[in-house]
Amino acid sequence: MTEVKKTAAGGAISRRTALKGLAAAGATGAGLGAMPGFVPYIQAQSSAPIKVGFQVHRTGIGAAYGRWYDRTTLAAADLINEMGGINGRPVEIVAEDDGTDPKRGAEVVEKFASQLGCDVGFGTLFSHVVMGSAPRAGELKLPYFVVSEGHHVASGALNRWTIQPGICDVKSQVLAMAPFVSKNLGKKATMIFPDYAFGHDHRDFFTAAMEAQGAEVIKHIAIPPTETSYSKYFPQIPRETEVLYHVMVGPGVLTFVKELGEFFGPSHPPIFGFLDSLEAVDLNSPGLEFLDGTYFWEGMPRYLQSDAPDPVKFYRDRVGVDDNGASASDPKDVSTFAHMFGCWETLFVMKKGMEAAGYQTTADRQKLIEAVEAMEEMPFGDEHPQGRKVFNGKTHQVFGPQYISKVEGGKLVVQAETTAEDSFYPDEVDYTTQSF
Amino acid sequence: MDFGPYLVFASLEGAVLAATLSLTALGLSLVFGVMRVVNVAHGEFFMLGAVAAWFVSALGGEALGLPAWAGFAAALVLAPAAVGALAWAADRAILARVGYDPERTIVATIGLLYILQQLTLMGYGPEARPVEPPFNARIALPWPEWGADGFAWTWPWGFGTTSYKLFVIVAAAALLMAVWAVLSRSRFGLIMRATQYDRETAQAFGIPVGKVYAWTFALGAALAAAAAVLIVPIQQAHYLMGGDPLLLSFIVVIIGGLGSLRGTVLAALLIGMSDGVISVFFSPTLAKILATLLVALVLVFRPQGLFGAKTA
Amino acid sequence: MTGAAKPVGLHALVLAILLALHFVLPDYHHGVLARVLTLATFALGYNLMFGYTGLLSLGHALFFAAGLYGLGMPMQHLGWSAEVALPFGIAFAALLATGVGALALRTQGVAFMIVTLMFAQAGFLTLLYFNEFTRGDEGFVIAQEARSLFGISLADADARYIAALILFAVAMIATLILVRSPAGRVLVAIRENEERARMLGYDVARYKLLAIVASGAMCGAAGAAYGLLFGYVGATFASVQYSILPLLWVLLGGAGTVLGPLIGTAFMTYLIDLGSGLTDAYMLLAGAALVLLTLFAPAGLLGEVRKRWAGWLP
Amino acid sequence: MTVAASGPLLETEGLTRRFGGLTAVDHVDFQLFPGEIRALIGPNGAGKTTFVGLLSGRIPPSEGRVRFGGEDVTRLPAHARMARGMAYTFQITSVFANLSLFDNVALAVQRRLARGEGLEAETMAALDRVGLAGRARQTAGDLSYGHQRLLEIAMGLAQRPRLLILDEPTQGLSDGEIEGFKALVRDVAAEATVLLIEHNMDVVMSLATRITVLDMGARLAEGDPAAIHADAAVQRAYLGG
């Protein structure tokens, strides 16, 4: 293995020399250089677009989210370009499917950094894809903006190049929910959640948050991810449950909620769910009538509220969402409204960061990260239609409002809104102390 | 819920799974038994059945204004027919050309699986879409109890089922009977069994083996699609829904013993019920692990299947 | 033996080309090839069992994941160094393969496929069940600083490529030696006609177990190396999909050929990579490619070459 | 081999095999001495193939024992019996069709060679003995049927067995090939004891030193060729009288 050292060390030098030689030869179009994709990209010129590598779940279990992440991102990019781009340069979204798979996700990040000449990487939702991709982003020194709501960024598991400035993490979401649930719905909760890391975040943080409120979680029911029918687990819900807390993800969500209704019939306890359980699903699907009167967390209200301020209307309009949170062109195509705002807001944070850093070339990537780390207050407005946010530069995580809505007449009506400060928790990491 | 009602409740849930699983597995078993090939795309035929059911019922509901029950009834006929036709074409275009070689068929059907999934994603989308059940009343169930006041019926919290779930069980049983009748009484069934028993001899007796294979493949796919139409009002149509039924069907076919209709149905009951009953005793994921290991160990220690006769 | 020069020369040449590519490939393809080499080692391990011994397993993700977690868990929780964790991961995979093999080999054919699939599925669910330690589906990242062998950081692109190449070269040479040895001839004999091999006096069960253990160790080595080189450990790698992939890679490249797994892995990787640049429907391309291959090149890419032009290929 | 010089090489006691209600081999006592060429004959369905299956270990017995070279091998699996010096050639040709002739025979040779030394020479010698040395690199499946049978015998010889069991070796061979085969077996008999299951009575009568007749799973008669030829019971069994 000592030989490796020599080869690797020596290789570093000779590899670069060889590459230079190849680039020279490549000018004549000979050899490898003639093959598609083998010409090393040329550093972007000042008028060339800023390329945002967009890692999107087009296939795999995340596809329903990916579609709406895609639309929101393109809408935001169009708006930015209408506003004159970033530092005088237009923004180009370079989208690539990651198959909702951590291996492919890492490959896509590599492709952004080394092949497609992207300035930053952006967008992914499912946390295992983030975990699989982030190490490569760190090694390639590619600013990696994730829109995942996982606690992985703020927990310190990732690196200085990975940042989540557009969507709150699960820990802060459930922290903000616990007071409402314990005060208004019940002190003894039963939790049903997927046996995924995402579900475990809910389990761990909500349980602790309830205890802090003097309430308790009396039963955890973790549903295996391969499951397609759920009724058989519901009898494990204890009779003394005062509030039922549910969160589910994946293609089975509608079955899950429907079977929950069938199980209880007319006599269900108060129910509090995360809208993840019904993202991209019509609230008025057959079998969901029982949800009337139950409560949901929403990242952003899906149904247009009567008192909605202008930035919210503007955002809905630009993305192409109707008053019910479905596609303006197809009312059956329901959006993932509670999460997708994160793409919009992240792009604007990126824009602001690039402007603050005077970003010109990929050599300025480190300055971009430092500029975002320096951010704090993000006021409500067109760029942040979900609400005012506070960014924590040390943990690379943003904090913002959460909405609690009640189903009334087949629509979600906001009952309460928590503030960014309600969702604060002590820092678990300080990324700014890490080297680039 | 108390132990007694829970056990009955879980068994009832298991019975619904067993009902659709026995249809799906029977389709796989026919293909496997007659053609001696492993059809990895079987789960995709199941998925296509569900998707086709959504199209038929949505079209019937919106374009023609049909009530839910009529759309569902139409789906129950049209979806299996369409999927069967597609399978027939796949057999002629691909499987027949690789000569039903076992290994090549596995690769070809994996390729088919990717193609069908991707086409569905492109044409139908990534969402899980519901099909409205023709009827769906919740039925609360009573439980006998001997208390201080003697015998009484009680109504445990959550103890119930729906009329549609009961219908699924009955409909699957009826379909199974129909398939059994076709296989054991009709000329086609006779020809199929002859081909299964000895391909060369069947050919020598003038049976068009190629045609029999194509029809068997179509019938197998249609059975999977029929099972999917039955289940889709309970679980929505989604382009990745084929994996689970494929896996479970394989297990059922192996445990039930090759090409045995009785064994397949019994094994489906066993798998469906144990899936339900094990969930009573353990936390959900642990229950899945144990059920999975149980199946593996059954196969290890009774490789001929639980119901297959031990061959010398 | 006569005719040894050609195969040995060819494989030496392939390794030399792979080394030469290290110096000339653009960054992106350099990185892709490092991953391909690591995964091709996984495919080589699979090939040992499927291509040479004729045992079709649908559960090899279990062994890849065993190497991955066997390396990752002690590094994460016990602070082990990579030098210790790497052999531990491989040994863990081999041990698991011994256990699974001892049970699964009581079955044959489709039952064997299902049993291996079930064991892998149980392994996958176990990773989820003990999420407190494994972090379940989300998995965990191995810190960049920990990812070094003998003082060389494997997070560095050059070191990573060379390490992947060494891994692949060792696995390939081991395969080459094995299949050209008397033991390799017995494995092929078992694939071709198990009963005849038994009646020549070979303890078929023992040879099959040997094949599973060697295969499991090689796949485990690939898994452990993947964790070390790419820094991520997650349950996705234990899922069914990652049991199907090595089967496809091997069949595409040519089952029972030494270089087939590399060719198949590279072909599939680039098919998806280039395909996804052209269209979102790249899995459609992959599916169509599989169907076309079974129709027109049933022995796989290299298998067809051997059949038509180069019968001497090992 | 001091034992073998006096005692039987192979011996069975009450060997029985039942399949369901059918008794294919019924309490057979059988002895085979070193140096013999023994023929095992009997009408179709007499249980000959089942019997040698029991001897070689392919089929487990329902009752009785098998002793080989003085050792009780009843519980040993087939491969362990082969390793002790049996060789078995299949009734239906069962060579490795996709492998070369060389590999086919090398598989038979290499098991008894410690470090693979002399593998090539021994393999070629065995092929040479059946006249196939010139085709060593050919694929076995491409050979004519007659040549495949010869290859099968070469594989048997290459194991240098103490006991060579030939299951219907002349089936499908031409007259010319049969003559060659007879010479080969006489040659082999100098080194190994031969047990021959054979339908062709000419071959049996000209090769066998002793003949055992099975009928309905039981031993009907045993003796030298002339005695068997004259045996009335044997004639009845064959003629169905």
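The values are calculated or read from the model by the stated rules, or taken from the named source; none is laboratory data. Everything numeric in this text was worked out from a predicted model, so none of it was measured. As a convention, Cβ positions derive from the backbone with ideal geometry for all residues, glycine included, and neighbour counts pool all protein chains shown.
C:Phe267 fulfils the conditions (1) within 14 Å of chain B (Cβ to nearest Cβ); (2) crowded, with 24+ Cβ neighbours inside 10 Å; (3) at pLDDT 90 or above except for a single criterion, (2).
For region C:2-36, the set of residues classified as among the hydrophobic types (A, V, I, L, M, F, W, C) and away from chain A (no Cβ under 14 Å) consists of C:Ala4, C:Ala5, C:Val8, C:Leu10, C:Ala12, C:Leu13, C:Val14, listed by residue number.
One residue alone among A:Glu227, A:Glu240 is at the interface with chain B (Cβ under 8 Å from one of its Cβ atoms), of a type in the set (Asp, Glu) and either under 30 Å from B:Leu248 (Cα atoms) or more than 25 Å from the chain's Cα centre (by Cα) (or both), and that residue is A:Glu227. Checked against (1) in contact with a Phe, Trp or Tyr (Cβ under 7 Å, 6 or more places away or on another chain); (2) surrounded by fewer than 20 Cβ atoms within 10 Å (Cβ to Cβ); (3) touching a residue at least 24 places away in the same chain (Cβ under 8 Å), A:Gly410 meets all criteria but (1). A single member of C:Gly256, C:Gly220, C:Gly216 is closer than 21 Å to A:Gly132 by Cβ, surrounded by 22 or more Cβ atoms within 10 Å (Cβ to Cβ) and more than 10 Å from chain B (Cβ to nearest Cβ), and it is C:Gly220. Annotation: of all residues in region D:92-142 being within 23 Å of the chain's Cα centre (by Cα) and of a type in the set (S, T, N, Q), the one that is modelled with the lowest pLDDT is D:Thr93. Here A:Leu283 does not fit the description of being part of a strand (DSSP E or B) and farther than 25 Å from B:Leu21 by Cβ. Filtered by the rule that a residue be within 10 Å of another protein chain (Cβ to nearest Cβ), more than 16 Å from the chain's Cα centre (by Cα) and either among the polar types (S, T, N, Q) or assigned to a helix (DSSP H, G or I) (or both), region A:86-108 gives A:Lys103, A:Arg104, A:Ala106, A:Glu107, A:Val108. Going by the structure shown, is D:Ser62 crowded, with 20+ Cβ neighbours inside 10 Å and in contact (Cβ under 8 Å) with a residue 24 or more places away in the chain? No.
Please find, within region B:213-260, the residue that is farthest from the other protein chains (Cβ to nearest Cβ) out of those that are of a type in the set (Val, Ile, Thr) and under 18 Å from B:Ala75 (Cβ atoms). The selected residue is B:Val229.
Exactly one residue out of D:Val95, D:Val73, D:Val130 is touching a His at 6+ places or on another chain (Cβ under 9 Å) and under 29 Å from D:Ile41 (Cα atoms): that is D:Val130. Answer yes or no: is there a residue in region B:173-187 that is within 14 Å of chain C (Cβ to nearest Cβ), exposed (fewer than 13 other Cβ atoms within 10 Å of the Cβ) and assigned to a loop (DSSP other than H, G, I, E, B). There is no residue in region B:173-187 that is within 14 Å of chain C (Cβ to nearest Cβ), exposed (fewer than 13 other Cβ atoms within 10 Å of the Cβ) and assigned to a loop (DSSP other than H, G, I, E, B). Only one entry of A:Gly293, A:Gly273, A:Gly287 meets the criterion of being under 21 Å from A:Val217 (Cα atoms) and surrounded by fewer than 24 Cβ atoms within 10 Å (Cβ to Cβ), and that entry is A:Gly273.
Matching residues to (1) part of a loop (DSSP other than H, G, I, E, B); (2) within 12 Å of chain C (Cβ to nearest Cβ); (3) buried (at least 21 other Cβ atoms within 10 Å of the Cβ); (4) touching a Leu at 6+ places or on another chain (Cβ under 9 Å):
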{"position": "D:Gln31", "(1), (2), (3), (4)": "no, no, no, yes"}
{"position": "D:Leu40", "(1), (2), (3), (4)": "no, no, yes, yes"}
{"position": "D:Leu54", "(1), (2), (3), (4)": "no, no, yes, yes"}
{"position": "D:Ala80", "(1), (2), (3), (4)": "no, yes, no, no"}
{"position": "D:Ala87", "(1), (2), (3), (4)": "no, yes, yes, yes"}
{"position": "D:Ser94", "(1), (2), (3), (4)": "yes, yes, no, no"}
{"position": "D:Arg112", "(1), (2), (3), (4)": "yes, yes, no, no"}
{"position": "D:Arg115", "(1), (2), (3), (4)": "yes, yes, no, no"}
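Which number in (1) farther than 22 Å from A:Glu227 by Cα; (2) out of contact with any His (no Cβ under 7 Å at 6 or more places or on another chain); (3) touching a residue at least 60 places away in the same chain (Cβ under 8 Å); (4) assigned to a helix (DSSP H, G or I) marks the one condition that B:Gly27 misses? Evaluating B:Gly27 over (1) farther than 22 Å from A:Glu227 by Cα; (2) out of contact with any His (no Cβ under 7 Å at 6 or more places or on another chain); (3) touching a residue at least 60 places away in the same chain (Cβ under 8 Å); (4) assigned to a helix (DSSP H, G or I) leaves (2) as the failure. Do you know which residues across region B:111-144 are among the small types (Gly, Ala, Ser) and within 14 Å of chain C (Cβ to nearest Cβ)? The answer is B:Gly111, B:Gly123, B:Gly125. Restricting attention to region B:95-110, the residues that are at the interface with chain C (Cβ under 7 Å from one of its Cβ atoms), in a helix (DSSP H, G or I) and free of Cβ contacts under 8 Å to residues at least 12 places away in the same chain add up to 2. Scanning region A:113-145 for residues that are more than 9 Å from chain C (Cβ to nearest Cβ) and without any contact (Cβ under 8 Å) to a residue 60 or more places away in the chain turns up A:Ala137, A:Tyr144.
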